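The structure under discussion appears below in the form of structure tokens.
The values are calculated or read from the model by the stated rules, or taken from the named source; none is laboratory data. It should be emphasised that the depicted structure is a prediction, and the values quoted were computed from it without experimental measurement. Cβ placement follows ideal geometry from the backbone for every residue including glycine, while neighbour counts extend to all protein chains displayed. All accessible areas refer to the heavy atoms of the entire protein, side chains included, with ligands and DNA or RNA removed. Shrake-Rupley method; radii C 1.70, N 1.55, O 1.52, S 1.80 Å.
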Amino acid sequence: EKATGYEEKTSRLLTVAQSPVNIQIIPESSVFKPGLPFSFLIITETPGNDPVEADVQATITYLNSDYKEIKDEEKQVKTTKGKAIIEISPPENSVALVIEAFELSPISSRPPAQASQIVTASYSPSGNFIHLEQISEGIPKIGAPVKFQVYSTKQAANFYYEVVSRGTVVF
């Protein structure tokens with residue numbers, strides 16, 4: 001203040017964000033298996049990392065070995081506590097997929113929040129892929145039965161499995 005010579009200073013760390021909603025796409029794996037189920041998690045949160053509910057549209061574009069579009073699909077979800085899972089089934093001839101997620105109905109005239117992710121197909125010398133999914137609920141308890149569903153892109157006669165506990169094969 002000029003009249004009294006009083007001076008005050010302060011420092012603050014502020015988050016500067018383009019939108020009040022951030023979208024993240026988290027695939028279940030770094031690669032997908034063509035012809036088998038694949039899912040990814042949509043996360044919506046504030047710039048301060050607090051979960052926020054939002055309507056999100058995801059566009060999934062599948063690419064062939066020439067990286068040309070072979071199929072695309074749209075899925076709409078509403079996140080609950082900032083989370084929603086989207087399940088897809090990539091075509092057998094896809095080698096990559098592009099996920100683009102957009103916030104629907106953004107507040108005010110600001111642009112919608114968006115995110116994108118590219119996921120490539122895994123490689124199998126035999127061209128056969130399997131996908132294992134636990135269908136029994138919750139975390140298994142000692143001695144309790146655990147049920148799994150096995151998906152395969154080609155007919156397979158035998159499946160072998162190991163039960164591992166703390167890095168040691170127990171069965």
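Here are the numbers for this structure:
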| read-out | value |
| --- | --- |
| Convex hull volume of the range 16-104 per residue (C-alpha atoms, cubic angstrom) | 100 Å³ |
| Extension gain (nm, one decimal) between residue 71 and residue 13, 0.36 nm per residue minus Cα-Cα | 16.4 nm |
| Where chymotrypsin sites (Phe, Trp or Tyr not before Pro) fall in DSSP loop in the range 87-150, at most 15 other Cβ within 10 Å | 123 |
| Measure of compaction for the range 91-149 (Cα Rg per 2.2 N^0.38 Å) | 1.88 |
| Computed accessible area, residue 162, all protein chains, 1.4 angstrom probe, square angstrom | 130 Å² |
| Accessible surface of the chain, 1.4 Å probe, proportion on carbon and sulfur as whole % | 51 percent |
| The range 64-124: translational diffusion in µm²/s, Stokes-Einstein, Kirkwood Rh over Cα pairs, 37 °C, 0.692 mPa s | 236 µm²/s |
| R0 of 30 Å, Cβ-Cβ distance residue 165-residue 123: FRET efficiency to nearest 0.05 | 0.50 |
| Unit charges at the beta carbon, dipole of the chain: most positive-side option, 118, 91, 152 | 152 |
| 1.4 Å probe accessible area per residue over the range 95-169, in Å² | 78 Å² |
| Cβ charges +1 (Lys, Arg) and -1 (Asp, Glu), total dipole of the chain, debye | 420 debye |
| Dimensions (Å) - the chain, Cα atoms, principal axes, largest first | 90, 46, 27 |
| Residues residue 83 and residue 154, FRET efficiency given R0 of 35 Å [Cβ-Cβ distance, rounded to 0.05] | 0.55 |
| Shape box of the range 24-67 [Cα atoms, principal axes, largest first, Å] | 40, 18, 15 |
| Spherically averaged projected area in nm², based on the convex hull that wraps the Cα atoms of the range 1-47 | 5.9 nm² |
